[in-house]
Structure formats: structure tokens, C-alpha cells
Amino acid sequence: MSDVHRGRTVCGRIGESLEVLGLRAVLLAYWGTTSVLARRSGKPQTDCGESVPPKG
């Protein structure tokens, strides 16, 4: 039996796995960049207490 499985060669499967790995790396880099930028551009918290002031 040959290395061809459903019309794909061994090299084709390796290429697909590398493509998926590259896509995951790009998405992880995008997520990391957006989270860092969101932290930097967020408003600094001056009071970490209650978010709703007490009525009085």
C-alpha cells in the first residue's frame, strides 16, 4: 500500500499541519498584541473600591 491516503501524500499532510500551526501562531500573536494594547490604552483605576457610590 502506498503513502497516498484519500488523494493526499505524506508531504501534503505535513504541509497542512504546518499551515494550521502557522495560523495558530498568527492568531496567538494577534491576541497577545490586542490584549497588551488594551491594557495600555485603558483608563487607569484610581479607586479600586465599589463601582457605585453609596447614596447619602
- Query: Where does each of Arg13, Arg39, Arg24 land when they are ordered by accessible area, with a 1.4 Å probe and the largest first?
  - Reply: Arg39, Arg24, Arg13
- Query: What are the ³J(HN,Hα) values, in whole Hz, obtained from phi via the Karplus relation 6.51 cos²θ - 1.76 cosθ + 1.60 with θ = phi - 60°, for each residue of segment 15-24 in sequence order, with x given for Gly and Pro?
  - Reply: x, 5, 5, 5, 5, 5, 4, x, 5, 5
- Item | Solvent exposure ordering (accessible area, 1.4 Å, most first) of Ser17, Ser41 | Ser41, Ser17
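The values are calculated or read from the model by the stated rules, or taken from the named source; none is laboratory data. What you see is a predicted model, and the numbers here were worked out from it, not measured in a lab. Protein only, heavy atoms only, side chains kept; ligands, DNA and RNA dropped before computing areas. Shrake-Rupley method; radii C 1.70, N 1.55, O 1.52, S 1.80 Å.
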